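*Asks:* Pasting a structure here, questions to come.
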Number of protein chains: 2
Amino acid sequence: MAILLDGNRTAEKIELNMKTQIEAFEETTGIKPGLAGIVVGDNPASASYVRRKRRRATAIGMFFEQLKLPESTSMAEIKERIDALNRDERVHGILVQLPLPDHLDPHDVIDLIAIEKDVDGLTTLNQGLLYRGKPCLMPCTPKGILRLLDEYDITTEGKNVVVVGRSELVGRPLATVLAGRSRNATVTVVHTRTREVRQITKLADIVAIAAGKAHMLDASHFKQDVVIVDAGMNSIPSDKTKSGKRLVGDVDFESASKVASHITPVPGGVGPMTVCMLLENTFEAARLACGEP
Amino acid sequence: MAILLDGNRTAEKIELNMKTQIEAFEETTGIKPGLAGIVVGDNPASASYVRRKRRRATAIGMFFEQLKLPESTSMAEIKERIDALNRDERVHGILVQLPLPDHLDPHDVIDLIAIEKDVDGLTTLNQGLLYRGKPCLMPCTPKGILRLLDEYDITTEGKNVVVVGRSELVGRPLATVLAGRSRNATVTVVHTRTREVRQITKLADIVAIAAGKAHMLDASHFKQDVVIVDAGMNSIPSDKTKSGKRLVGDVDFESASKVASHITPVPGGVGPMTVCMLLENTFEAARLACGEP
């Protein structure tokens, strides 16, 4: 039976450790790391995500400011607010909760964030640095996946890694970093246009998937002792829960966990690592802002 | 016997066609597309590369300005010169010939170029756009490789493509664009840390290599009817030439051409396409500068 890559426990450990570091940092510098979250409109899911980020940020001693802007906010108004946050010394990280209302282009909005406060790692310039293999604030989900592998001493050096999905938030940055000189994996990116997925995943030592398709892969796609990281999060019907739904990943956990050496549960695998890395990026931005490495 | 992917003939055809378009463009707009090439120091190879670019640019009706700066040029001085070129209306493209003297960081210098004049596609912001799949000036060698495939009606859609090498100039941007939504290939990047290269290349429908290692791959690495694009350019000893040397690619052409359906010669394959795409990027920058699509 596979070892579980436990994101809940790992994130908790990292955040507990960060809490101590933040106390020490505040004591020596007088600075509290600060994160600002912008929500535009009344999407209940967005509100809930930002609440969770606020709760975990404040729990480890960060300052958190939420900006709730009306659905009708114009590009000029949002620019004014982000410019103010870029200048605000209490704020070291700025996140724009997606999705935005249709009249706002998410990339135009994100590119307003000063690169040193871009803790989601999504400005074009930050992505250019990532792509070039330069120091930068890395997007939180791929960073969380790499950290989870590190915590379980799973190296990617020289390994065949298959990344399923090529999204801007997960698959693309993950594949890019894995193929670079810091990780040295031999990476194949599989996506909706790939023929013969199984032929490719069968060769993989590690498979990371963020395809958004419940149970896309099962045991038949993997070789024995593969490491599986599942960033999928899909709601499917269930007669065993009160809500009539349950959350599953992109991998059929039940069958895949019989061939894998290590596998992430869903939920409780990649998910908790994402917010944890957002907090880590914010602390990193705060340290850089006051000249610490 | 494989069909040759003839870069000389293809580049000549594209440049002839561009010459006609540039004449028409100049007639309607009064603007001559202009390219500025900066050489720092006395590297004879750099001087020769820039001469070749000048010759081919002027042959199709472009304006070409060469800046020859002394080896001792400081960062402040080069910034002043690039700022002036950024403002110069006669110049639509700026290239910095590499390598630069050791005291100048090539990326710091390249990032001085205005993004709309970055015809080598190497500024961090331009690379961020490329990585994000957005319109941008694409680096010349990968653009030339894709164009060569297009000219021979070789589609990459759904194909297994192996890119050997992960350099900033060739492998990385090529793999990134191929894996994106415009090309939809299933891409694997192979590099110096890859184990079992043959196992991976054997599955490829198309192999593109820029590894800088003479005869790294031979017939035994490929499946029947593979398409081979060889961006390597290595000088090896030869008793058949006056100079005692000859140029070869990263692939053993003699054996590989017996299994391939299509293959680039070296020289005369990818090489001529690179300068051709530099000229195309310059013309594109000129058209964009005066509001044409």
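Only the coordinates and a few stated rules stand behind these numbers; no lab work does. Keep in mind the model is a prediction, meaning the values are calculated, not measured. So basically every Cβ, Gly included, is an ideal-geometry build from the backbone, and we count neighbours across all protein chains shown.
*Asks:* Can you confirm whether the stretch A:269-285 contains a residue that is of a type in the set (Ser, Thr, Tyr) and touching a residue at least 24 places away in the same chain (Cβ under 8 Å)?
*Replies:* Within the stretch A:269-285, one or more residues are of a type in the set (Ser, Thr, Tyr) and touching a residue at least 24 places away in the same chain (Cβ under 8 Å).
*Asks:* Those residues that are within 16 Å of A:Arg132 (Cα to Cα) and either within 13 Å of the chain's Cα centre (by Cα) or away from chain A (no Cβ under 12 Å) (or both), I need them from the stretch B:108-126; list them, please.
*Replies:* Selection gives B:Val109, B:Asp120, B:Gly121, B:Leu122.
*Asks:* Output the number of residues of the stretch A:192-213 satisfying the condition of being part of a loop (DSSP other than H, G, I, E, B) and either in contact with a Phe, Trp or Tyr (Cβ under 7 Å, 6 or more places away or on another chain) or more than 9 Å from every other protein chain (Cβ to nearest Cβ) (or both).
*Replies:* 7
*Asks:* So, one more: Please determine, by comparing only the residues of the stretch B:127-154 that are among the hydrophobic types (A, V, I, L, M, F, W, C) and out of contact with any strand residue (DSSP E or B) (no Cβ under 8 Å at 6 or more places or on another chain), which one is nearest to the other protein chains (Cβ to nearest Cβ).
*Replies:* B:Leu129
*Asks:* Taking the condition of being surrounded by fewer than 19 Cβ atoms within 10 Å (Cβ to Cβ) and at the interface with chain B (Cβ under 7 Å from one of its Cβ atoms), how many residues in the stretch A:155-191 meet it?
*Replies:* Total satisfying the criteria: 3.
*Asks:* Now for a different question. Of everything in the stretch A:249-286, what is buried (at least 24 other Cβ atoms within 10 Å of the Cβ) and assigned to a strand (DSSP E or B)? Give them in sequence order.
*Replies:* Answer for the stretch A:249-286, where residues must be buried (at least 24 other Cβ atoms within 10 Å of the Cβ) and assigned to a strand (DSSP E or B): A:Val251, A:Ile263.
*Asks:* Test of understanding: among B:Asp111, B:Asp120, which residue is within 28 Å of B:Met273 (Cβ to Cβ) and in contact with a Cys (Cβ under 9 Å, 6 or more places away or on another chain)?
*Replies:* The unique qualifying residue is B:Asp120.
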